[in-house]
Structure formats: C-alpha cells, structure tokens
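Colleague: The structure is given below, and queries will be raised subsequently.
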Amino acid sequence: MLIEESYRKIFEENSKWVKKKKTEDPDFFNHLANGQNPDYLYIGCSDSRVHANEIMGLQPGEVFVHRNIANMVVNSDLNILSVINYAVEYLHVKYIIVCGHYDCGGIKAAMEPKDLGILNPWLRNVRDVYRLHEKELDAIEDTKERYNRLVELNVYEQCLNVIKTAEVQKSFLANGYPRVAGWVYGLNDGILRDLKINFKEELNHIRKIYDLTKGE
Ligand SMILES: [Zn+2]
C-alpha cells in the first residue's frame, strides 16, 4: 500500500472505530469527556510493537501512558518527572509500572561501541545500568541472553528511579499508594512477565539514601 493511501486510511478506520464504540456504548465518548480516573501509570518503550492498552487489555481512560526510548526514568527529564508528578498528585494512580521488552533496540544500541550523536546522552543511562550490574552481565556468554538480562535489570533500575522521587515516597507513606512494579514484555510470545520487585523492601532501602519525605 502506498503511504498516501495508508495515511488516508487512518481516518477511515477512525470513523469505523467511532461508530463501533458508539454502537457498543452510546455514552462512551460522553463518559471519557468527563475526565480520566486511571489506576495505572505505564512507563514503556516507544517501540511500535508494544502498545500499553492492548497488551494490558485496558480501555481508553484506564491507563496513563508515558513512552520513550528504552523506558527510561531519567532524573533530569522534565517530561517523565511531570508525568509522574501529575499521575501521583492529581490522578492518584495506584500503580506505576515500568515495562521493558525483550529485543529492545534501545538497549542493543546502547551497548554498541558507536557514536550515536544526540542519542549518546540518553543511552548513557543504559550503560550506567550495565556498569551497576557488570559482574552478573559479563558472566552471561550468549549476547542475546545478556541483552535480555540487561532489559530486565534496566526495568529494575528505572523502578528504583521512580521510587527515588519525592511524590512517590510521600504519597505511599501517606496513602499506601502508588506501588511500583516492573514488567518485561516478550515481542515473540506476547507475554507480560512481572519481575515481582518487592516494592516495600526497595522503598525502605532507597529511603536510606534518597529519603525525600521530610518538609512541606
Ligand atoms: Zn524498546
């Protein structure tokens, strides 16, 4: 299909989708226009093959989504920090999920000995995760397996980065939410794997050094 045709088709598909949704539930759009009340914040990779709502089986309005290359939670990224702030303080989400995926191009690119221009500082954060877990990763001989383990460890470290924020620490201590979870999605089998991060244990550990609960 020509790209012009494919582009036009998007609007045709959109009209069909609107009709279908209205048939299923005449109030569908009225309901959504009244506001959002999602229980989940999903932080995932921009990869076109990993679609938050679809893999979680959730409808519009049920998950607040942020995506970037390699699902990073970077300390100086105003974008992700604003998303977390809004999700915690205004939407009162109950879970913050960091979802990586096996065969992630961002993770692979980070490990290539190559100058990638503007991507260098972004991917540097992935290299930092490698350095933190160097011993474990170096012991894995198979390259693909090593990258996939780095995908899991990167999710784990980004979960810790979420827990390092004042909003998450303060809200959990006051309200008992949000909890933070780490998942990895398999591109080849469609399965979501919960890394079963012990949130309370990690929070206590993080607060030893990164405690931001005092003040205000
Ligand atoms: Zn990816």
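Colleague: Taking θ as phi - 60°, what are the ³J(HN,Hα) couplings along the stretch 173-185 by the Karplus curve (6.51, -1.76, 1.60), each to the nearest whole Hz, with x for Gly and Pro?
Modeller: Whole-Hz 3J(HN,Hα) from phi for the stretch 173-185: 5, 7, 10, x, 8, x, 8, 10, 10, x, 10, 10, 9.
Colleague: Report in % the part of the accessible area of the stretch 1-145 that belongs to carbon and sulfur, leaving out ligands and nucleic acids; probe 1.4 Å.
Modeller: On the way: 4970 of 9320 Å².
Its accessible area is 53 percent carbon and sulfur atoms.
Colleague: Could you report the chain's accessible area per residue, 1.4 Å probe, as an integer in Å²? Display every interim value, and only then the final one.
Modeller: Working: 12950 Å² over 216 residues.
Normalised by residue count, the accessible surface of the chain is 60 Å².
Colleague: Related question: Relative contact order of the chain, please, whole-number percent, based on alpha carbon pairs below 8 angstrom and at least 6 residues apart. Numbers along the way, then the final one.
Modeller: On the way: 282 pairs, mean separation 43.0, N = 216.
After rounding, I find 20 percent.
Colleague: How many nm separate the modelled label positions at L132 and Y177, each set 7 Å beyond the Cα in the direction of the Cβ?
Modeller: About 2.7 nm separates the two model spin labels.
Colleague: Show F199, F29, F64 ordered by accessible area, largest first, where the area counts protein heavy atoms only and the probe is 1.4 Å. Walk me through the numbers on the way to the answer.
Modeller: On the way: F199 10, F29 65, F64 40 Å².
The ranking, largest first, comes out as F29, F64, F199.
Colleague: Right, next: Taking only the Cα atoms of the stretch 5-90, how large is their convex hull per residue, in Å³? Provide the component values of the computation, followed by the final result.
Modeller: Working: hull volume 11.1 nm³, N = 86.
Looking at the stretch 5-90, the number lands at 129 Å³ per residue.
Colleague: For the stretch 82-180, what are the per-bin percents of Cα-Cα distances with bins 10 Å wide, up to the bin holding the maximum?
Modeller: Pair shares across the bins are 15, 39, 27, 17, 2.
Colleague: Also, I was wondering about something else. Rounded to the nearest 20 debye, what is the charge dipole size of the chain about its Cα centre when +1 sits on each Lys and Arg Cβ and -1 on each Asp and Glu Cβ?
Modeller: On the way: 28 positive and 32 negative charges, 58 e Å.
With Lys and Arg at +1 and Asp and Glu at -1, about 280 debye.
Colleague: In addition: Using a cut-off of 13 Å between beta-carbons, work out the net charge of the residues near L119 (Lys and Arg +1, Asp and Glu -1, L119 not included).
Modeller: Values: positive: K108, K114, R124, R127; negative: E112, D115.
In short, +2.
Colleague: Can you tell me which of A174, A110, A52 moves the most in a GNM of the chain? Springs connect C-alpha atoms under 10 Å apart.
Modeller: A174
Colleague: Expressed as a rounded percentage, what relative contact order does the stretch 1-84 have, with Cα pairs under 8 Å and six or more residues apart? Intermediate values should be presented prior to the final figure.
Modeller: Values: 63 pairs, mean separation 20.8, N = 84.
Once normalised by length, the contact order is 25 percent.
The values are calculated or read from the model by the stated rules, or taken from the named source; none is laboratory data. This is a predicted model, so every value here is computed, not measured. Glycine also receives a Cβ, built like all others from the backbone with ideal geometry; neighbour counts cover every protein chain displayed. Side chains are part of the model used for accessible areas, which takes the heavy atoms of the whole protein and leaves out ligands, DNA and RNA. Shrake-Rupley method; radii C 1.70, N 1.55, O 1.52, S 1.80 Å.
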